[in-house]
Amino acid sequence: MSSQASYQFYEQPSEIEDVHEQLIGGFRQTPKSISPKFFYDEKGSELFTAITRTNEYYPTRTEMGLLDNYGKAMASCIGPNSTLIEYGSGSSEKIRLLLETLRPQTYVPMDISRDYLAASANTIAEDYPWLEVLATCVDYSQDFDLPVSFDGNVAAFFPGSSIGNFSPDSALSFLKRVRRHVGVNGGLLIGVDLKKDIDVLNRAYNDSAGITADFNLNVLNHINEVYQGNFDLTKFRHRATYNESLGCIQMFITSLCDQTVNVAGELFELIEGEEIHTENSFKYSETEFRDMCRQAGFTRDRFWTDEHEWFGVFYVS
């Protein structure tokens, strides 16, 4: 742990071999898969921020509009003198809207990308000298304990429709974990991408500038650099489409030829046209998500949405 003024950085212990095994295990499956957590090296985090600024990708600007328009009501739900926990702090653009409205005592940003988290959290600490910042590098998709315990109002913030990257069963487990973190008197402010016209969804994940494609393919770069991969990105292409029966966008990396790839010291054969599944992004109706929160132990909620009803923000407690 290192500290300066109101900024502290915690790094949760991680088992490197478990990460290797998870990566290799995904390639041993049929179809092959890569967990979305491997998207987020520093370049991946930067590319995702670029995606959020494309014309086609509506969730970020819509959610920021909701935070801007209804921020005072959201802050009122959380209450004064609070601790605010953010899962997946990313570029910190959205949290600034909430920090300025809520003015919590303590902010706990969490992210799996160490360098990206350190840079963004340190900037927040410098820009808000009245705020205690306890950055925590952790894989929040797995069970973990908070670095310290907190008194008073505790609320979690999970923006960006990231809940959609979990399968419904895993999303429920995550919500139950959040319930434990915030306590029986705490709450969760969460962004949810709502079900809508399929063409709108497909355009959002296939932007004309190709940034989502670069983001998807960058996971192979990450494997090359950290996990002894030998992927040639020119031999792969991005594919994303909405699966109506599952209620989710599915992203894949398609092999353009027969090839052999090395992943963490193990060789795998790919045939032309074979797909590696990289991400699901589940979409929910207002009722579906409210029911899931009830199952997780949250008994009350507030809900805000935009004029198109494309995106929703819930506060559940």
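Nothing in this text is a laboratory measurement; each read-out follows from the coordinates by a stated rule. Model, not experiment: these values are computed from the prediction. With ideal geometry, Cβ positions are generated from the backbone for all residues, glycine too; neighbour counts draw on all protein chains shown.
Quote the charge dipole size of the range 179-258 about the Cα centre in Debye, to the nearest 20; the model charges only the Cβ of Lys and Arg (+1) and of Asp and Glu (-1). Numbers along the way, then the final one.
Working: 8 positive and 9 negative charges, 73 e Å.
Rounded to the nearest 20 debye, it is 340 debye.
Along the Cα→Cβ direction, 7 angstrom out, place labels at residue 286 and residue 42. What is the inter-label distance in nm?
4.4
When the chain is treated as a GNM, springs tying every alpha-carbon pair under 10 Å, which of 158, 282, 150 comes out with the largest mean-square fluctuation?
It is 150.
Multiply the residue gap between residue 243 and residue 227 by 0.36 nm, knock off their C-alpha separation, and tell me the result in nm, one decimal place.
Details: separation 16, 0.36 × 16 = 5.76 nm, distance 3.08 nm.
Contour length minus Cα-Cα distance gives 2.7 nm.
Taking the Cα-to-Cβ direction at residue 114 and at residue 272 and moving 7 Å from each Cα, how far apart do the two end points lie in nm?
Output for this residue pair reads 4.2 nm.
Report the GluC sites (Glu not before Pro) located in the range 228-289 that are in a DSSP loop and have at most 14 other Cβ atoms inside 10 Å of their Cβ, or state none.
Values: sites: 244, 266, 269, 272, 274, 275, 279, 286, 288; in loops: 244, 272, 274.
The qualifying sites are 244, 272.
Give me the one-decimal nm value for the distance between modelled label points at residue 235 and residue 50, 7 Å along each residue's Cα-to-Cβ direction.
For residue 235 paired with residue 50, the spin-label model returns 2.4 nm.
Using a Gaussian network model of the chain whose springs link C-alpha atoms within less than 10 Å, name the residue from 47, 134, 256 with the highest mean-square fluctuation.
Fluctuation is largest for 256.
Using Cα pairs closer than 8 Å and at least 6 residues apart in sequence, work out the relative contact order for the range 1-131, in percent. The partial results should precede the final answer.
Values: 118 pairs, mean separation 30.9, N = 131.
Dividing the mean separation by the residue count of the range 1-131 yields 24 percent.
Measure up 32/94; 37/72; 37/196 against 28 Å on the Cα-Cα distance and list the ones that go over. All intermediate terms of the calculation are to be shown ahead of the outcome.
Details: 32/94 34 Å; 37/72 33 Å; 37/196 26 Å.
Violating the 28 Å limit, Cα to Cα: 32/94; 37/72.
Using a 10 angstrom cutoff on alpha carbons, build the Gaussian network for the chain and name the most mobile of 160, 297, 265.
265
Suppose R0 equals 51 Å. What FRET efficiency, 1/(1 + (r/R0)^6) with r the Cβ-Cβ distance, do residue 295 and residue 262 give to the nearest 0.05? The partial results should precede the final answer.
Numbers: r = 42 Å, r/R0 = 0.83.
With R0 = 51 Å, the Cβ-Cβ based efficiency is 0.75.
Within the range 126-164, name every residue whose backbone N is under 16 Å away from a label modeled 7 Å from Cα of residue 308 along the Cβ vector.
Flagged as within label range: 161.
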